[in-house]
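Read the structure below first, then the notes.
The values are calculated or read from the model by the stated rules, or taken from the named source; none is laboratory data. Not measured: the values here are computed from a predicted model. Backbone-built Cβ (ideal geometry, glycine too); neighbour counts: all protein chains shown. Accessible surface is based on the protein model in full, side chains and every heavy atom, while ligands, DNA and RNA are left aside. Shrake-Rupley method; radii C 1.70, N 1.55, O 1.52, S 1.80 Å.
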Amino acid sequence: MNKLLIHKISYSNLCAQFSEQIIIAVLPIIAVLSMSASAAETAFIQMINTLPFLLLSIPMGVIADRVSRKKLMIIIEIVRATAIFILFYLTFSGSLSINKIALFGFFIAMGTVIYSVASPALVASFVIKEQLINANRSIEIAKSVAFTAGPALGGILASYLSGGLAFILAFLLSIVSAVFLICLPKEPLIEKSGRNIIQELCDGLIFLIKNKYLMPITITAFVFNLSQYLLLSIFAYYVINNLYFTSFEVGASLSLIGLGMLIGSFLYKIISKKINFGFQLSLGPISAFMASILMFLTLIYSAKILVFVAFFFFGFGPIIWTISTVSLRQLITPSNMIAKVSSVIMTVTFGARPLGAAIGVYISANFGVKSCILAVLIGFLIQLIIILLSKPAKLKNLSDAEE
């Protein structure tokens, strides 16, 4: 029964992430190629499109601990599909603009926020603790497939019908994701705490701050996301105008994040048997720092292969990090607090995304796009230092974190 449930959740994740990744790849490409957007404008789009992570993670986490996660995820997939269809309509009516791309991208990102907050709690409600790592691995593999194929397909479709074909495919995938969720059985009843929202938020925040494992992981993830979205905010502009990438090559390079994630997910069982849990957590920051070095080298050597290899490493190590940290969080967090704690963590870490994009706007506008690449290198160095000096990096086994 658990396997069937996880498959349905995985397939829903696959379709939802596939839809999102197509849109993430298409929007900046359309902005640069069809609207001649500047680096600051593409960074602005990225900033607005990531604001939901900062604004909505905590309230959605509270809601997800009070209502049916299944119904919440179905509703938001329908909202996401509607926003994508409006973008399709605006494209064919000839009224698409930078501001409209940013606005409807905001609503599309809302789906990602709510899905990300509710999904771990939904999985934990169906799966026993001993099966959490395998369940998370299965879901991350599905996500990895989407991260691999989505951007490449988005890059290809961006040149057809002004991106309209990409919007239609993304719309259909969101609908299919909702259908898989509808097919899930009714989830176990959620225990009501009877406390008000402020008390609920304080519970999640206090638990996070006091926990010697979750706090350093959260800080590391904050700096990681800040640096990654500083890079992504100017990436399309940088590679199109400095390394002469085509729209397909932009999508293909982004898809290599997914390929790295996919390989990392499949190899996780082997990796977890060969190295201790603490080093598993360190692999993500190490891999990301190596990738940032390769991106920095493109300032000296205009070799496209450096970008491709860098983005592979941006996926490979961080997926090991994701599987490990999500499993750790689910293990040490009380079941009725998982969504709240996840939402607080998402607010802090994913909330760094619009901040990173905003930094991209400032640096690119005042110092040039190449200065952003240097800032990215510094950021990934900092996140590596933080995790290497932390208690989670010293864990030998996942079970050692239980107190």
Subject >> Test: Gly264 is within 30 Å of Val344 (Cα to Cα), buried (at least 23 other Cβ atoms within 10 Å of the Cβ), touching a Ser or Thr at 6+ places or on another chain (Cβ under 6 Å) and small (Gly, Ala, Ser) >> reply: no
Original post:
Are there any pairs with C-beta distances below 6 angstrom linking a residue in segment 250-270 that is of a type outside the set (Gly, Ala, Ser) to a residue that is modelled with pLDDT under 85 and open to solvent by less than 10 Å² (accessible area, probe 1.4 Å), with the two at least 6 apart or on different chains, and if so which?
Top reply: Val250/Ile29; Val250/Gly155; Leu254/Ala25; Leu254/Pro151; Met261/Ser144; Leu262/Ser144; Tyr268/Ile323
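For every residue, the table says whether it meets (1) over 14 Å from the mean Cα position of the chain (by Cα); (2) farther than 21 Å from Phe147 by Cα; (3) surrounded by fewer than 22 Cβ atoms within 10 Å (Cβ to Cβ).
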{"position": "His7", "(1), (2), (3)": "yes, no, yes"}
{"position": "Cys15", "(1), (2), (3)": "yes, no, no"}
{"position": "Glu20", "(1), (2), (3)": "no, no, no"}
{"position": "Ile23", "(1), (2), (3)": "no, no, no"}
{"position": "Leu27", "(1), (2), (3)": "yes, no, no"}
{"position": "Ile63", "(1), (2), (3)": "yes, yes, yes"}
{"position": "Glu77", "(1), (2), (3)": "yes, no, no"}
Original post:
So which residues in segment 337-362 are free of Cβ contacts under 8 Å to residues at least 12 places away in the same chain and surrounded by 24 or more Cβ atoms within 10 Å (Cβ to Cβ)?
Top reply: none
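Matching residues to (1) part of a helix (DSSP H, G or I); (2) under 30 Å from Leu157 (Cβ atoms); (3) among the β-branched types (Val, Ile, Thr):
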position	(1), (2), (3)
Ser253	yes, yes, no
Met261	yes, yes, no
Phe279	yes, no, no
Phe289	yes, no, no
Phe296	yes, no, no
Pro318	yes, yes, no
Met337	yes, no, no
Val341	yes, no, yes
Subject >> Within segment 32-44, considering residues that are of a type in the set (A, V, I, L, M) and open to solvent by 50 Å² or more (accessible area, probe 1.4 Å), the one modelled with the lowest pLDDT >> reply: Leu33
Subject >> Flag for Met47 being in a helix (DSSP H, G or I) and open to solvent by 40 Å² or more (accessible area, probe 1.4 Å) >> reply: yes
**OP:** Give the residue, chosen from Leu54, Leu14, Leu87, that is of a type in the set (A, V, I, L, M), under 27 Å from Leu205 (Cα atoms) and in a helix (DSSP H, G or I).
**Re:** Leu54
Original post:
How many residues are farther than 18 Å from Ile385 by Cα and at pLDDT below 95 if we restrict to segment 271-294?
Top reply: 6
Subject >> Subset of segment 365-380 (residues that are buried (at least 17 other Cβ atoms within 10 Å of the Cβ) and closer than 30 Å to Tyr213 by Cα) >> reply: Ala375, Val376, Leu377, Gly379, Phe380
